[in-house]
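Q: This is the structure, below, for whatever I ask next.
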Amino acid sequence: MKTPESRAKLPVRLIKRIAVSQKLRADLLLKLTEQRKRLDNLIEGSMLATWEWNVQTGETRFNSYWAKIIGYSLEEISPVSIETWVRFAHPDDLKNSNELLQKHFARETEFYSCESRMKHKNGSWVWIRDTGRVVEWTADGQPLMMFGVHVDITAEKQRSEQLERFFSVNLDLLCIADTSGNFLKVNKAWEDILGYSVEELMEQRFLDFVHPDDIETTLLQMQKLADQDAVLNFVNRYRCKDGSYRYIEWRSHPYGTTIYAAARDITEHVETEKRIREISIRDPLTGIFNRRYIYERLEELRAEHERTGKAFAISILDIDHFKHINDQHGHLAGDHILKEFARAIGGHLRPYDLLGRFGGEEFIVVLQNTDSVQANQIVERILSAIRAQSFEYERQLIRFTFSAGVSGSCEESEGANSVESLIGKADARLYEAKRTGRNKVVG
């Protein structure tokens, strides 16, 4: 050590350098002290529960908030070491915690983060989110000093458990999703309805399950949700694991990019409505459309014709001498003939043509994309087939013919061809066919 006498012998320049170095060291120490104080104040003000751990020696420091989370003062649990943490940790969580620590020590993860339970002074278990990081390593690459914090997440866990219980017992389809189309959480009711496990559902976007024909409308509803508008009573179809589809009705509310939705399977309701609709538009004896439905469709075709010029034609067919069939063979035979006649006509029509019972033994055929000339030819072919056919009922062979009248949408000037006038014209031509000998088509 240099004495004042020896220092006096040093060059002035060197003495100045020493003085500057001492001042810098003092300034640096002061700054570090101030930084440490600010950090301590920040931790104190934030009420953060902190820990410091010498991984090699086990020496550990906890602050007062660390102890307070589990109901103790720091003095009550002193002296502390890593064994203090082990003593309060839930035995079932230690394995997972150690595995996560080893991954961090192997530098596979940037941070150590683990959710685990710690025993509170009152005997309950407190959920902790434990996060830390190694900040100093030994010369041979082993973890030395590690710092971290504890956060009490018990209330968060309780809310999550309550939500889980609500999800598990609710009979409705519940889900949390995002506006990008991803499931974030679904309840078990989805498994019962669609047949997929919760895990299988979570692996895919919910659009992957939507019926292709419903994708466009579903995307429109998703845009409404992205715009923070609720979507209520929206129905689309979801694919089941067996390939079938179920009708799902949605009530969805957005909160930012998160969607909270409750849905229900209304397939049985929809199918019932379809059956009721079918019953309401079908003739109970023959199973073909009834007169009311044919009129509805004709109104639609007439409107389409006025907009686009798309042609259609009407033919009314009446079984010749049907009373004679009833009188000779009985009314049950007559019913049989009506059903067989309907089946025979349908065999000559295209999938998009319409066949209905007009009343009694009269039938109506609506031929789309067809003018009256083409319609005449089609009905003539049907008549030729009926002439050549015998219908058997209880070992009795019954033969008959029919008369028909045809009218077309292109026969009248634009806008003048009402449904009533077209049917009236076909009906008048039917009676002309009957008056002039029957067994013919008049167009």
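The values are calculated or read from the model by the stated rules, or taken from the named source; none is laboratory data. Note that the coordinates shown come from a computational prediction; the quantities given were computed from them, not determined experimentally. No Cβ is skipped: glycine too gets one built from the backbone with ideal geometry, and neighbour counts run over all protein chains shown.
Q: Here are some residues: GLY334, GLY330, GLY347. Which one is crowded, with 19+ Cβ neighbours inside 10 Å and out of contact with any Leu (no Cβ under 9 Å at 6 or more places or on another chain)? Reasoning before the result, please.
A: Working: GLY330 fails: crowded, with 19+ Cβ neighbours inside 10 Å; GLY347 fails: crowded, with 19+ Cβ neighbours inside 10 Å.
The conditions single out GLY334.
Q: Kindly indicate whether any position in segment 315-323 is over 22 Å from ARG429 (Cβ atoms) and either touching a Cys at 6+ places or on another chain (Cβ under 9 Å) or part of a loop (DSSP other than H, G, I, E, B) (or both).
A: no
Q: Still on this structure, I have one more. Do the conditions hold for TYR247, that is, is it in contact with a helix residue (DSSP H, G or I) (Cβ under 8 Å, 6 or more places away or on another chain), surrounded by 13 or more Cβ atoms within 10 Å (Cβ to Cβ) and in the same structural domain as LEU225 (by TED's automatic domain parsing)? Break it down into steps so the answer makes sense when it comes.
A: Details: in contact with a helix residue (DSSP H, G or I) (Cβ under 8 Å, 6 or more places away or on another chain): yes; surrounded by 13 or more Cβ atoms within 10 Å (Cβ to Cβ): yes; in the same structural domain as LEU225 (by TED's automatic domain parsing): yes.
Yes; evaluated as a whole, the condition is true for this residue.
Q: Now for a separate question. Could you check how many residues of segment 218-240 are under 14 Å from the mean Cα position of the chain (by Cα) and at positive phi?
A: Number satisfying all stated conditions: 1.
Q: For residues that are closer than 18 Å to GLY424 by Cα and either basic (Lys, Arg) or modelled with pLDDT of 95 or more (or both), tally how many sit in segment 299-311.
A: Adding up the residues that qualify gives 1.
Q: Residues to consider are THR131, THR179, THR138; find the one that is touching a Leu at 6+ places or on another chain (Cβ under 9 Å) and not assigned by TED's automatic domain parsing to the domain that holds ASN233. Lay out the reasoning, then the answer.
A: Working: THR131 fails: touching a Leu at 6+ places or on another chain (Cβ under 9 Å); THR179 fails: not assigned by TED's automatic domain parsing to the domain that holds ASN233.
Unique residue meeting the criteria: THR138.
Q: How many residues does segment 252-291 hold that are polar (S, T, N, Q) and either on the phi > 0 side of the Ramachandran plot or in contact (Cβ under 8 Å) with a residue 60 or more places away in the chain (or both)?
A: Of the residues in segment 252-291, the ones polar (S, T, N, Q) are 252, 257-258, 267, 272, 280, 286, 290.
Next, from what is left, pick out any that are either on the phi > 0 side of the Ramachandran plot or in contact (Cβ under 8 Å) with a residue 60 or more places away in the chain (or both): 257-258, 286, 290.
Total meeting the criteria: 4.
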